[in-house]
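The structure under discussion appears below in the form of C-alpha cells.
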Amino acid sequence: MYLMPDGFKGTATVIFNDPDGMPEKRDGKRRVFEIPASGTLYTQSTYKSKWNTYYYVQPDGRLRQLTCGDARTGEFRFLITLLILCG
C-alpha cells in the first residue's frame, strides 16, 4: 500500500533495498510505503511484484484511494518510479 500526502501531484519514486532507508512498515499483512512530500522514499524493504493500492492521506488521517484516469472522480493518471538497489 502506497500512501501519499493529500493532493500530491508529480512523480513518486521508491528506492528499495537502501540500507540507510526507512525500515519496512506493515499494516497487518500489507506493507505500507509512506511517500513524503518530496516524492522520494528510501526504504530498506525489498521490492515485491504484486498488485498494489495507492491512497492520498487526508489531513484528518482518512485514506482516499487514488484512481487512474477516472472521469467520475476527476483524478488523473499517476506514476510511481521504482529503483531497486542490488547488493
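Selection within the range 12-36: residues that are within 14 Å of Y2 (Cβ to Cβ) and in a loop (DSSP other than H, G, I, E, B). The member of this set that is most open to solvent (accessible area, probe 1.4 Å) is E24. What residue, among those in the range 1-11 that are more than 9 Å from the chain's Cα centre (by Cα) and of a type outside the set (D, E, K, R), is surrounded by the fewest Cβ atoms within 10 Å (Cβ to Cβ)? Per the criteria, the residue is G7.
Here's the yes/no breakdown for (1) modelled with pLDDT under 90; (2) among the charged types (D, E, K, R); (3) out of contact with any strand residue (DSSP E or B) (no Cβ under 6 Å at 6 or more places or on another chain):
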site	(1), (2), (3)
T11	yes, no, no
K25	no, yes, no
F33	no, no, no
P36	no, no, yes
R64	yes, yes, no
T73	yes, no, yes
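The values are calculated or read from the model by the stated rules, or taken from the named source; none is laboratory data. As the structure is a prediction and not an experimental result, all values here were calculated from the model. Cβ coordinates were reconstructed from backbone atoms using ideal geometry, including for glycine residues, and neighbour counts include every protein chain displayed. Only protein heavy atoms, including side chains, enter the accessible area calculation; ligands, DNA and RNA are left aside. Shrake-Rupley method; radii C 1.70, N 1.55, O 1.52, S 1.80 Å.
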